[in-house]
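Report on one structure; see the data block that follows.
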């Protein structure tokens, strides 16, 4: 009550946030700033971004729904050499390790001039339960020595989530936060965190529908 009393002139959303801080001890930074912000809503795809404390790069979250089969989606992701067919900028994939529920692979991606192309080593871990598939993606920058003419991606964490809904659709969430290393212009970084998830979901839908 004290918090609301001293903030009588604030708008209701601000009062609500401050009350949450008082009751639950939440950080003002996390409560007021680190929220998902809708950046694009087009063609049945929504893309959100948010600030990550201590990082110059924003995280992104893409969402859409489509009619599909979880088995087909899982097989597509496990066939990592096909990433060049639908993952934006992917130009070369080298499978490194294959296990029942994981794939480790090397990936080279193109960057627009004058930015240097990137490469990275990634591990996908597959978790399947009734009506739901989750693919956790982890970056392993030390798995292989650096290669010439490419900047190694030092950090990338995220996941894909596919969940069957009652209406026969599958709800998809694609979430990631990366730090691509090297120097990247601000305009490119800001556009990438919106365009990458949007194009990825768009391309994935086309692949699945085939």
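Give me a count of the residues in the range 146-181 that are surrounded by fewer than 16 Cβ atoms within 10 Å (Cβ to Cβ), free of Cβ contacts under 8 Å to residues at least 60 places away in the same chain and not in a strand (DSSP E or B).
Result for the range 146-181: 7.
Got a number for residues in the range 182-204 being surrounded by 17 or more Cβ atoms within 10 Å (Cβ to Cβ), at pLDDT below 85 and farther than 19 Å from residue 141 by Cβ?
Matching residues across the range 182-204 total 0.
Determine whether residue 134 is modelled with pLDDT under 95, surrounded by fewer than 16 Cβ atoms within 10 Å (Cβ to Cβ) and touching a strand residue (DSSP E or B) at 6+ places or on another chain (Cβ under 7 Å).
So residue 134 does not fit the description; no.
Could you check residue 143 against (1) in contact with a strand residue (DSSP E or B) (Cβ under 6 Å, 6 or more places away or on another chain); (2) assigned to a strand (DSSP E or B) and say which number it fails?
(2)
I'm trying to understand the selection: among the residues of the range 98-130, which are surrounded by fewer than 17 Cβ atoms within 10 Å (Cβ to Cβ) and either part of a strand (DSSP E or B) or modelled with pLDDT of 95 or more (or both)?
Hits for the range 98-130 are 98, 99, 101, 102, 125, 127, 128, 129.
The values are calculated or read from the model by the stated rules, or taken from the named source; none is laboratory data. Everything quoted here is computed from the prediction, not taken from an experiment. Note that each Cβ is placed from the backbone with ideal geometry, even for glycine, and that neighbours are counted across all protein chains shown.
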